[in-house]
Amino acid sequence: MPAAVQQQLSWPELAAVLGQEHLRAATAADAVDGVVPRMVAEPGTAEELARCLRWARGAGLKVTPRGGGTKLGWGNPPAACDLLLSTARLDRVREHAWADMTVIADAGCRVADLQRTLAEHGQHLALDPLWPERATIGGILSTTQREDDTKVPYLGDIPVLGHLFKSTAHKDNKDELMIFITPKIVREGVNVYN
C-alpha cells in the first residue's frame, strides 16, 4: 500500500463503526495462505458489514473475507490483504420456516449449528463439508481427488514392460458453493409474492 494512503487511513473511524473490541491488529494466525493482513474486522450486522466495506473501498484497501478459517491455505494466495473481514459475529440462524422448508442464516453461521436447527424438524442441509463445527454457510469449498489408470489391453499387464503401455492421471477438482442472500426491500402494507 502506498505510504500516502497509509497516512490517510483512519482506523479509529472504522472502530467507531464496529466498536473498538471488534477491530484488532492481525497476527500470523490470521494469515491467508501466507499473507498476513494489517487488521481484522468483525462486523456484527449486515449494516456494519456494508459500512466497513464502504470505508475500506474509500481508503483503497485490499479486503479478504474469512468465515470459519477452515480453508485459508487453499487456492491462490491474495496479492495483498490490508483488512481481513471476519464473519465470526454474523453467525445466527435468522429464521427457519420449517413447513416451507426455507431457512435464513447469516454468512458466518456454522454448518453444524444450521444442521442442528434443521434437525429439530427432521430436515437437513444436503452438504457434508469438512470440519462442520467450523465451516460456515457463507462459503463451502469441496475438493475431489482422483487417480485414473488407463492401459492398453493385455500389453499393460506384461511384467516389467507393462508400464510402457499404461498412464496414470491425477485430478484435483475444486468445486465452490457460495450461498448468497439477496435482500428484498419491502414497504409496509405491500404484499410480495415469489
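Brief remarks on what is shown
- For segment 94-124, the tally of residues that are assigned to a helix (DSSP H, G or I), over 16 Å from ALA135 (Cα atoms), small (Gly, Ala, Ser) and at pLDDT 90 or above stands at 1.
- Boolean, ALA105 is in contact with a Pro (Cβ under 9 Å, 6 or more places away or on another chain), touching a residue at least 12 places away in the same chain (Cβ under 8 Å) and over 21 Å from ALA26 (Cα atoms): no
- Qualifying residue in segment 24-31 (condition: touching a helix residue (DSSP H, G or I) at 6+ places or on another chain (Cβ under 8 Å) and under 15 Å from TRP11 (Cα atoms)): no
- Positions within segment 29-48 being closer than 23 Å to PRO77 by Cα and either at pLDDT below 90 or crowded, with 16+ Cβ neighbours inside 10 Å (or both), in sequence order: ASP30, ALA31, VAL32, ASP33, GLY34, VAL35, PRO37, ARG38, MET39, VAL40, ALA41, GLU42
- Single residue of segment 65-84 satisfying the filter (out of contact with any Lys or Arg (no Cβ under 8 Å at 6 or more places or on another chain) and within 14 Å of ALA107 (Cβ to Cβ)) that is most open to solvent (accessible area, probe 1.4 Å): PRO65
The values are calculated or read from the model by the stated rules, or taken from the named source; none is laboratory data. Only a predicted model underlies this, so the values are computations on that prediction, with no experimental measurement involved. Don't worry about glycine lacking a Cβ; one is built from the backbone with ideal geometry, like all the others, and counts go over all protein chains shown. All accessible areas refer to the heavy atoms of the entire protein, side chains included, with ligands and DNA or RNA removed. Shrake-Rupley method; radii C 1.70, N 1.55, O 1.52, S 1.80 Å.
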